[in-house]
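See structure below.
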Amino acid sequence: MRRMSAFLGGAPARDLLGRRLHDLRISVTDRCNFRCVYCMPAEIFGSDFAFVPRAELLAYEESARLARIFVSLGVEKVRITGGEPLVRRDLPAFVAMLAAIPGIVDLTLTTNGAALRHLAAPLAEAGLRRVTVSLDSLDPEIFGRMNGVGFPVSRVIEGIDAARAVGLDPIKINTVVRRGLNDASILPMARWARETGLTVRFIEYMDVGNANGWRLDDVVPAAEIVETIGREFPVEPVAPAYRGEVADRWRYLDGAGEFGVIASVTQPFCGDCSRARISAVGELYTCLFATNGHDLRSLLRGGASDDEIRRSVEAVWGSRVDRYSEMRSDETEGLPRVEMFAIGG
Ligand code: SAM
Ligand code: SF4
Ligand code: SF4
């Protein structure tokens, strides 16, 4: 099924493989209060790690200006991310700027949930519609180990409750599965999501960046995740809601909702990839596995007009041929890649 597009501009930008520009992820910081083992391992990102100095971050006004330009090129969905977006000061002010842009049909945010208890209400008031919370296990010990700082799972659950209470619905839960760490958490997560009416999406552990020491053996394939859940609760596949949907959806036959699997390693979906990412310092990335971004901050700060920036983005997207996950092989192993916390997943 193809989703109706609300894009009112001219023809949306398309890349060399015919993929349109539709989703934009804006990273507002490279900092994070967690040290997830698969993203920012504590032994590498210690207290002496040099994060980006504040003056180098895009100001909210600059990011919002870019968002407007991207909307004129076809973007309809904007996700705020990081690092951990909730650690950046005054985030609701940025949400309000994005909420005021006509043409953004879906405005959302991905967070580790640590600060959601306090921020859910101001974010909703600012115009955020929904939220994705990353949560890898309900077991305090496993969760504490995975987030690398011993953060209590109960606080994340309080954050999810706070988000629900202010109507940030539907809430999606992202669960990265890493073999030997939280594979035993798959079923408890599925049970909990069924009981609470949340949609969980299990994500295959990816080889993003160069810091997490990724090995194929640590990936739990999506098929195995579906099988694990299907043994306790019979399920059937659900047709994608729109072209380019990254999660394969599965519905419980007893009517208790659904879950998703994001099989970026075992069943890559580059063919429909319509996502652009802007790092916290204003670089445009056209692939999660890119080596380099394209500097938009110099244009913003160098006095370029909206039209000039628009043409520059259009040129970058227009020459895009990225399909890393489809090409993943021994030859792509070890290539320099941007870290996930710099561009936000
Ligand atoms: N800090 C926020 C959070 O964790 O939700 C937003 C940024 S985080 C980089 C975005 C998403 O990427 C999270 O759901 C996280 O679990 C996922 N992620 C990070 N590293 C990953 C990896 N190596 N493989 C798969 N997903 C990963
Ligand atoms: Fe932080 Fe999110 Fe990366 Fe975990 S996945 S270290 S919460 S940016
Ligand atoms: Fe898109 Fe790159 Fe991921 Fe393929 S590997 S789906 S092109 S971000």
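The values are calculated or read from the model by the stated rules, or taken from the named source; none is laboratory data. None of the values given here were measured: they were computed from a predicted structure. Because the Cβ atoms are built from the backbone with ideal geometry, glycine has one as well, and the counts that use them run over all protein chains shown. Surface areas here come from the heavy atoms of the whole protein model, side chains and all, with no ligands, DNA or RNA. Shrake-Rupley method; radii C 1.70, N 1.55, O 1.52, S 1.80 Å.
Taking GLY74 as the residue in question, decide whether it is crowded, with 22+ Cβ neighbours inside 10 Å and not in a helix (DSSP H, G or I).
Details: crowded, with 22+ Cβ neighbours inside 10 Å: yes; not in a helix (DSSP H, G or I): yes.
Yes, satisfied.
Check whether at least one residue in the range 156-179 is over 22 Å from MET206 (Cα atoms), modelled with pLDDT of 95 or more, assigned to a loop (DSSP other than H, G, I, E, B) and within 16 Å of ligand 1 (Cβ to nearest atom), and report yes or no.
Taking the range 156-179 first, the residues over 22 Å from MET206 (Cα atoms) are 156-171.
Filter once more, so that each one left must be modelled with pLDDT of 95 or more: 156-168, 171.
Imposing the further condition that a residue be assigned to a loop (DSSP other than H, G, I, E, B) reduces the set to 166-168, 171.
Imposing the further condition that a residue be within 16 Å of ligand 1 (Cβ to nearest atom) reduces the set to 168, 171.
Scanning the range 156-179, I find at least one residue that is over 22 Å from MET206 (Cα atoms), modelled with pLDDT of 95 or more, assigned to a loop (DSSP other than H, G, I, E, B) and within 16 Å of ligand 1 (Cβ to nearest atom), so the answer is yes.
Within the range 231-244, is there a residue that is touching a helix residue (DSSP H, G or I) at 6+ places or on another chain (Cβ under 8 Å), closer than 19 Å to ASN174 by Cα and without any contact (Cβ under 8 Å) to a residue 60 or more places away in the chain? Steps first, please.
To start, the set of residues in the range 231-244 that are touching a helix residue (DSSP H, G or I) at 6+ places or on another chain (Cβ under 8 Å) comprises 232-233, 235, 243-244.
So of that shortlist, the ones also closer than 19 Å to ASN174 by Cα come out as 244.
Those still in the list that are without any contact (Cβ under 8 Å) to a residue 60 or more places away in the chain too: none.
No - not one qualifying residue is present in the range 231-244.
Which pairs do you get when a residue that is more than 16 Å from ligand 1 (Cβ to nearest atom) and of a type outside the set (Ser, Thr, Tyr), found in the range 35-64, comes within reach of a residue that is part of a loop (DSSP other than H, G, I, E, B) and open to solvent by less than 30 Å² (accessible area, probe 1.4 Å), reach meaning Cβ atoms under 6 angstrom, with the pair 6+ apart or on two chains?
Taking only residues 6 or more apart or on different chains, the pairs are GLU56/VAL281; LEU58/GLY282.
Return the pairs, sorted by first residue and then second, in which the second residue is within 16 Å of ligand 2 (Cβ to nearest atom) and in a helix (DSSP H, G or I), the first residue lies in the range 209-223 and is on the phi > 0 side of the Ramachandran plot, the beta carbons are less than 7 Å apart, and the residues are 6+ apart or on different chains.
If the second residue must be within 16 Å of ligand 2 (Cβ to nearest atom) and in a helix (DSSP H, G or I), the pairs left are GLY209/MET340.
Of everything in the range 229-246, what is among the aliphatic types (A, V, I, L, M) and modelled with pLDDT of 95 or more? Give them in sequence order. Step through it out loud before you land on a result.
Going residue by residue through the range 229-246, those that are among the aliphatic types (A, V, I, L, M) are 229, 235, 238-239, 241, 246.
Selection gives ILE229, VAL235, VAL238.
Can you confirm whether the range 180-190 contains a residue that is within 16 Å of ligand 2 (Cβ to nearest atom), out of contact with any His (no Cβ under 9 Å at 6 or more places or on another chain) and in contact (Cβ under 8 Å) with a residue 60 or more places away in the chain?
Among the residues of the range 180-190, at least one is within 16 Å of ligand 2 (Cβ to nearest atom), out of contact with any His (no Cβ under 9 Å at 6 or more places or on another chain) and in contact (Cβ under 8 Å) with a residue 60 or more places away in the chain, which makes the answer yes.
Looking at the range 126-144 only, could you name the residues that are in contact (Cβ under 8 Å) with a residue 40 or more places away in the chain and open to solvent by 20 Å² or more (accessible area, probe 1.4 Å)?
Answer for the range 126-144, where residues must be in contact (Cβ under 8 Å) with a residue 40 or more places away in the chain and open to solvent by 20 Å² or more (accessible area, probe 1.4 Å): ARG130, SER134, LEU138, ASP139, ILE142.
Give the range 271-330 a look and list any residue that's of a type in the set (Ser, Thr, Tyr), closer than 23 Å to THR29 by Cα and either in contact with a Lys or Arg (Cβ under 6 Å, 6 or more places away or on another chain) or modelled with pLDDT under 95 (or both), or say none. It would help to see each step written out before you state the result.
Start the filter on the range 271-330 by keeping residues that are of a type in the set (Ser, Thr, Tyr), which leaves 274, 279, 285-286, 291, 298, 305, 312, 319, 324-325, 329.
Now drop any that are not closer than 23 Å to THR29 by Cα, which leaves 274, 279, 285-286, 291, 298.
Matches in the range 271-330: SER274, TYR285, THR286, THR291.
Filter the range 303-337 down to the residues that are part of a loop (DSSP other than H, G, I, E, B) and away from ligand 3 (no atom under 11 Å from the Cβ) and list them by number.
GLY303, ALA304, SER305, SER319, SER329, ASP330, GLU331, GLU333, GLY334, LEU335, PRO336
Quick one: in the range 97-131, of everything that is within 12 Å of ligand 1 (Cβ to nearest atom) and under 17 Å from ARG155 (Cβ atoms), which residue is nearest to the chain's Cα centre (by Cα)? Write out each step before concluding.
Our first condition is that a residue be within 12 Å of ligand 1 (Cβ to nearest atom); within the range 97-131, this holds for 108-116, 131.
Those left that are additionally under 17 Å from ARG155 (Cβ atoms): 111-116, 131.
On the way: THR111: 9, ASN112: 11, GLY113: 14, ALA114: 16, ALA115: 17, LEU116: 17, VAL131: 11 Å.
Here the answer is THR111.
Criterion first (surrounded by fewer than 17 Cβ atoms within 10 Å (Cβ to Cβ), over 18 Å from the mean Cα position of the chain (by Cα) and not in a strand (DSSP E or B)) does GLU236 satisfy it?
Values: surrounded by fewer than 17 Cβ atoms within 10 Å (Cβ to Cβ): yes; over 18 Å from the mean Cα position of the chain (by Cα): yes; not in a strand (DSSP E or B): no.
No: the conditions fail for GLU236.
Tell me which residues, restricted to the range 273-292, are within 8 Å of ligand 3 (Cβ to nearest atom), out of contact with any helix residue (DSSP H, G or I) (no Cβ under 6 Å at 6 or more places or on another chain) and not aliphatic (A, V, I, L, M).
Within the range 273-292, CYS273, ARG275, THR286 meet the criteria.
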